[in-house]
Amino acid sequence: MSTILCYGDSNTWGATPQPRRGDFGRFAADVRWPGVLRAHLGAGHTVIEEGLNGRTTCIEDPVEGYHKSGTAHLIVALESHQPLDLVIIMLGTNDLKARFAMQPVDVGFGMGKLAEIALRSPFGPNGTAPEVLLVAPAPFAKLSWFEEMFTGGTEKSRHLAAEIAINAREKGVHFFDAGSVISSSDNDGIHLEADAHATLGKALADQVRSILAKG
């Protein structure tokens, strides 16, 4: 039996694309990528969803609230669901909101901080640290009403994978580029369509099997 925590933002929570402000919805549990991951891994694996709309890697949002900082609450999630064999972290999209003025290198460091929190924790098997997989979110597509909120973010989003990969290597954790297998929806530019969830969940299942086999 293995236990896997999926820690992310609205694309882990399963928000549907929002072509217009107020078009808010959530995909069913079996459509969201953690649910697809669970289905592909099969019996003997527990997959826990910990997605929060608007979550950043390390920033307290002055508009949406202090609780949006990923570093503030990762340790709570780790301790709540211990023992964990693997923590999958997919964040970085919300860091690119214009009000934060973050650069891709900063987002990479933010993901590195999250990896450190997990690696320093005793919430893996037998009081050890869990394995960590950092997932770079797919680059932005054509932004809808989010364009003003994410001014300048489209170009920055294309450099996140490289920066997150550097931090994963430096921390000695696993890395996967979601943009290598999926694209963000052109219906709003940042969220995923159902088929992208399906593709990502299947691709991550392959990654998880490999990580757990080595462990």
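Couple of notes before you dig in:
- The chain - share of DSSP beta bridges that are antiparallel (%, nearest 5): 10
- Long hydrophobic helices in the chain: the complete DSSP H runs spanning 15 Å or more by Cα along their own axis with mean Kyte-Doolittle hydropathy of at least 0.5 are 70-81, 104-119.
- Label zone at residue 162, where the point sits 7 Å out along the Cα-to-Cβ direction: the range 110-143 residues whose backbone N lies under 20 Å: 110-112, 134-141
- Basic side chains Lys and Arg get +1 at the Cβ, acidic Asp and Glu get -1 at the Cβ, and with that the dipole of the chain about its Cα centre reaches some 220 debye.
- Alpha carbon centroid spacing (whole Å) that separates the range 62-113 from the range 1-34: 16
- Here the sum of -39500 (n - 2.57) over DSSP H runs of 4 or more residues, divided by the residues of the chain, equals -11000 deg cm²/dmol at 222 nm, to the nearest 500.
- Cα-based equivalent ellipsoid of the range 14-104: semi-axis lengths in Å, sorted from largest, via gyration tensor: 25, 19, 11
- Using the empirical formula 2.2 N^0.38 Å as the baseline, the Cα radius of gyration of the range 2-214 reaches a ratio of 0.94.
- The alpha-carbon atoms of the range 117-202 define a convex hull whose volume equals 116 cubic angstrom per residue.
Just so you know, all these numbers are worked out from the coordinates, no wet-lab data involved. These numbers were taken from a predicted model, which means no experiment stands behind them. Please note: Cβ atoms are built from the backbone with ideal geometry, for glycine as well, and neighbour counts cover all protein chains shown.
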